[in-house]
Structure formats: C-alpha cells, structure tokens
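Participant: Take a look at this one; I'll ask things after.
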Amino acid sequence: MVNAGMESGVLTKVREKGHLLRQTEDLETYGLNAQTASEIHLIVDRLKQIDSGLSILPSSVLLSLVATFDSMIGDGIKELLKARPDKITSSDKTVTYRELFNIGSLDDAKDKFINDEVDKLLRGSHDDQILYVEKLTDTKIRDHYPRWANFIEVFERRNIIAHANGNYSQLYIDRCRSAGYPCDKVVVGDKASLRSKYLHKSIDTLTEFGILIWFVAWRKLDTKSEATAFSRLNMIAFGAIKGFRYELAIWLLDFALHRQPRNADEITTRMMVINLANAYKKTKKIDKCKEVLNAMDWTATSDLFALALASLNDDAEEAAKLVLNLARSDKLRAEDFRDWPIFDWIRSEIVVAKAFEEGFGHPLVVNIEERASLPGSEIISGDQRSEDAMGDVGERTDNEEARKVVH
C-alpha cells in the first residue's frame with residue numbers, strides 16, 4: 001500500500017511538476033520549487049503514518065482474536081453453570097450484608113456467584129479454563145484434540161505480543177514445549193512472526209476448538225439431542241467449505257466422524273462423509289477423499305447422494321443423467337445445484353449444463369437480472385434455509401431428506 005502511494009502520490013507529482021536534473025541507470029534527480037517540495041513532504045509523512053499503522057495491524061488482529069475467544073469461553077461457561085449450578089467450585093464464598101441487601105432475589109444471587117466464578121476463571125491460564133470445562137462436563141476434551149499444542153501456542157504468542165514487544169521469551173518457549181509445541185528453532189529475543197498464513201491458521205484453530213468444546217458439552221449434558229448436535233456441526237462445516245476454509249471443515253468433520261463415539265442418524269452421517277471427502281479434494285488430498293468415501297457402502301443410496309459421488313469422481317456423464325432425473329422429480333433445486341460446493345467439480349461440464357437446462361427449463365449460467373426472475377430464486381434468509389436443510393430427520397419427507405444431502 002505504501003509503495004502504491006509512493007508511486008501515485010510522490011513519483012507522479014515529482015515527474016509532473018519537477019525538472020529532471022540528471023539521470024542514471026538507478027537514479028533520477030529532480031529539482032522542485034518550494035511549494036511542490038512542501039506537498040511532497042506532506043504526502044511522505046502521511047505514508048509513514050500509514051506504514052506505521054499497518055505494521056501494528058497483525059498484532060491487533062491476534063490480540064482481538066484471543067479477546068473474542070475468551071469472551072466466548074466465558075459466556076459458554078456461564079451457560080454451563082446455569083445448567084449445573086451444583087458445579088460452582090466456590091461453594092464456600094461469603095457475602096457481606098451490603099451485598100446481601102443489594103441482591104434482589106435468589107436468581108440474582110446465583111447470577112452474581114456465576115459471574116464472580118467466571119471472572120476469576122478468565123484471569124487464569126487457558127489450560128485451567130479448559131480443565132474447568134472438562135470437570136463441568138465430566139469429559140476429557142484434550143485427549144481427543146490433536147492440535148492442543150497449536151491451541152496453547154496461540155495464547156503464548158499473544159502474551160509476548162502484549163507483554164514482550166513481540167519478542168520470543170524463555171517463558172514462551174517453556175510453556176509451548178510443555179504443551180508439546182516444537183520450539184527448536186525459536187531464539188529468545190527474536191521477533192515472532194505474524195504473517196497472514198499464521199493468523200489464518202490461528203483463527204481456524206481457535207474456531208475449531210471453540211466449536212468442538214461446546215459440541216462435546218452439548219452431547220454430554222443433553223443426550224436426547226445428540227443427533228441435532230451432529231447435524232449442527234455438519235452445517236457449520238458446510239459453511240466453512242463455502243467460505244473456502246477447507247482445513248477447518250476437515251478438522252471438524254474428522255473429529256465428529258472418527259475421534260469420539262458417533263450417535264448421528266444415517267442421513268447426517270452420509271452428509272458429513274460427503275462434505276469431508278469434498279474438503280479433502282478441495283485441498284488436493286485425493287487419496288484421503290477416496291479413503292473417506294470407500295469406508296462407507298453407497299450401493300443403495302439416493303440419487304442426490306449418487307450425484308454428489310459422481311461429482312467427486314468427476315463422472316460428468318453419470319452426473320448429467322442424475323441432474324436431469326432430480327430436476328424432473330423436484331428433488332433438487334436449481335439454486336442449490338448452482339451454489340453447493342459439492343457440485344463445483346461438474347458444473348463446468350457441457351453435458352451437465354445441457355442436462356440442467358433440459359431439466360429446469362433455463363440455462364445453468366445466467367446473469368444477475370435473469371437469475372432473479374427464475375423460479376425458485378426467491379430471497380430466503382440464511383436461517384430459513386438452514387432450518388429447511390437441518391430439520392429433524394423424523395419429520396422430513398423423502399424429498400426434504402434428499403434436498404439436504406450436502407448441508
């Protein structure tokens with residue numbers, strides 16, 4: 001950005017208003033009058049301010065990321081304590097007469113104790129916070145989480161950004177090593193990197209852990225709605241795929257399918273498998289994609305699942321037949337075929353486009369004005385579409401079950 005500002009704001013003005021004094025292969029020297037020189041100095045000063053501001057932006061992102069995560073963890077623990085107030089560890093806490101008279105009801109007293117408990121907890125380490133949640137839910141979350149070391153490292157890097165000017169410290173190294181994070185190449189005093197790749201990975205790591213910790217808590221505390229918990233997790237993973245966050249989707253779906261007992265219905269399980277295979281293929285892990293698919297029997301599956309498989313297998317001819325059948329039987333919406341990432345592999349095939357047009361009565365590729373006037377393109381809120389896709393299995397018709405295959 002600063003280089004672009006120099007090019008457009010400084011060099012252009014110099015060449016337009018100055019006079020060239022001499023020129024070599026690497027250097028141009030211009031003479032400027034006082035007014036032009038003053039204008040140039042003002043532009044350069046502003047560019048320096050921009051450069052200074054941009055230099056602290058990565059640090060601000062990391063600090064904000066951790067603060068947001070802490071807030072989410074705090075809110076979640078409060079809800080858990082409301083559901084299980086017997087788990088409040090500060091049972092010996094006392095209140096003064098002044099506090100007692102200011103408390104309006106028993107519910108207010110419970111809220112105060114819960115808020116005090118969470119505030120104290122959030123002042124401790126993140127390791128202690130997760131241990132606390134494990135005790136609340138009577139489960140071992142970390143034992144099933146393969147990126148614990150990366151999770152802890154994010155917070156330790158945040159600490160050196162906040163307290164050590166971004167320089168690696170011995171405390172950072174000790175705590176990261178204790179969590180299992182490799183620190184062989186880390187040198188005390190060196191500047192910690194905050195490149196965009198690291199920040200994106202950190203966002204996905206905290207997002208994944210935050211989702212999974214409450215997924216585990218949901219299943220543990222409300223066993224009657226386990227199927228819904230899996231369905232919601234799959235929906236989040238589908239959203240991650242649509243947002244090009246394929247690694248996050250892989251982490252979530254792999255955990256749900258393979259790293260703890262699974263109590264999802266067959267339709268949801270198949271959807272998770274399809275989405276996981278698609279995320280692997282998006283990251284060019286073709287062998288993993290095939291491995292995931294081959295682990296399940298697809299011989300007696302619906303046409304919509306068959307279409308998803310045809311897409312993943314790049315079978316355009318089979319996909320074209322299925323698109324035509326699904327369109328004619330009203331088991332696939334045109335907008336879903338255009339938008340769902342599972343069909344990215346076949347949408348550009350001419351034979352598929354022809355089948356789509358024959359089945360739906362309009363072209364696959366249309367401009368915005370034409371698309372808005374097509375049947376089935378009514379504006380539907382994200383929540384409405386999610387509810388349509390994620391309704392209770394026992395209450396869905398066969399058509400509705402088919403329509404939600406990749407959600």
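Participant: For region 122-131, what does the Karplus curve 6.51 cos²θ - 1.76 cosθ + 1.60, with θ = phi - 60°, yield as ³J(HN,Hα) per residue in whole Hz, taken in order and with x for Gly and Pro?
Facilitator: With coefficients 6.51, -1.76 and 1.60, one gets 5, 7, x, 7, 5, 4, 5, 4, 5, 4 Hz.
Participant: Same structure again: Hey, any idea what % of region 305-364's accessible area is carbon plus sulfur with a 1.4 Å probe?
Facilitator: Taking all protein chains in place, region 305-364 shows 45 percent carbon and sulfur surface.
Participant: By how many nm would the segment from Met296 to Lys220 grow when fully extended, if each residue of separation counts as 0.36 nm and the alpha-carbon distance is taken off?
Facilitator: Gain in length upon complete extension: 24.7 nm.
Participant: Between Lys13 and Leu57, how high is the FRET efficiency from 1/(1 + (r/R0)^6) when r is the Cβ-Cβ distance and R₀ = 25 Å? Nearest 0.05.
Facilitator: Working from the Cβ atoms, E equals 0.40.
Participant: Would you mind checking the pairs Lys242/Lys331; Lys197/Lys220; Lys282/Lys321; Lys224/Lys290 and listing those with alpha carbons more than 31 angstrom apart?
Facilitator: Lys197/Lys220; Lys224/Lys290, as the Cα separations exceed 31 Å there.
Participant: At 1.4 Å probe size, what's the solvent-accessible area of Ile161? Round to the nearest 10 Å².
Facilitator: 30
Participant: Just flag the trypsin sites (Lys or Arg not before Pro) in region 121-172 sitting in loop per DSSP whose Cβ has no more than 13 other Cβ atoms within 10 Å.
Facilitator: Arg123, Lys140
Participant: What residues have an amide H closer than 5 Å to that of Tyr30, excluding those fewer than 5 places away on the same chain, when H is modeled at 1.01 Å from N in the peptide plane?
Facilitator: Counting only residues 5 or more places away or on other chains, the set is Leu21.
Participant: Same structure again: Scan region 167-237 for chymotrypsin sites (Phe, Trp or Tyr not before Pro) in coil per DSSP, keeping those whose Cβ has at most 16 other Cβ atoms within 10 Å, and list them by number.
Facilitator: Passing sites in region 167-237 do not exist.
Participant: What ranking of Thr12, Thr205 comes out by heavy-atom accessible area, probe 1.4 Å, highest first?
Facilitator: Largest to smallest exposure gives the sequence Thr12, Thr205.
Participant: Same structure again: Among all the lysines, which ones have a C-alpha under 16 Å from Lys78's C-alpha, if same-chain residues fewer than 8 places away are not counted?
Facilitator: Within the straight-line cut-off, Lys78 pairs with Lys87, Lys110, Lys112, Lys120, Lys135.
Participant: Additional query: For region 187-235, with only Lys/Arg (+1) and Asp/Glu (-1) charged at the beta-carbon, what is the dipole magnitude about the Cα centre, in debye rounded to 20?
Facilitator: With only Lys, Arg, Asp and Glu charged at Cβ, the dipole is about 80 debye.
Participant: Please compute the Kirkwood hydrodynamic radius of region 248-300 from all pairs of different C-alpha atoms, in Å with one decimal.
Facilitator: 11.3
Participant: Quick one: accessible area per residue over region 304-353, 1.4 Å probe, rounded to a whole number of Å²?
Facilitator: For region 304-353, the per-residue accessible area is 39 Å².
Participant: What does the extension gain come out to for Asp116 and Thr29, with contour length at 0.36 nm per residue minus their alpha carbon separation?
Facilitator: Answer, rounded to one decimal: 24.7 nm.
Participant: Here's something else I'd like to know. Check each of the trypsin sites (Lys or Arg not before Pro) in region 168-236 and keep only those in coil by DSSP with at most 12 other C-beta atoms within 10 angstrom; list them in order.
Facilitator: Passing sites in region 168-236 are Lys185, Arg195.
The values are calculated or read from the model by the stated rules, or taken from the named source; none is laboratory data. These figures come from a predicted structure and were not determined experimentally. Backbone-built Cβ (ideal geometry, glycine too); neighbour counts: all protein chains shown. These area figures cover heavy atoms from the full protein model, side chains too; ligands, DNA and RNA do not enter into them. Shrake-Rupley method; radii C 1.70, N 1.55, O 1.52, S 1.80 Å.
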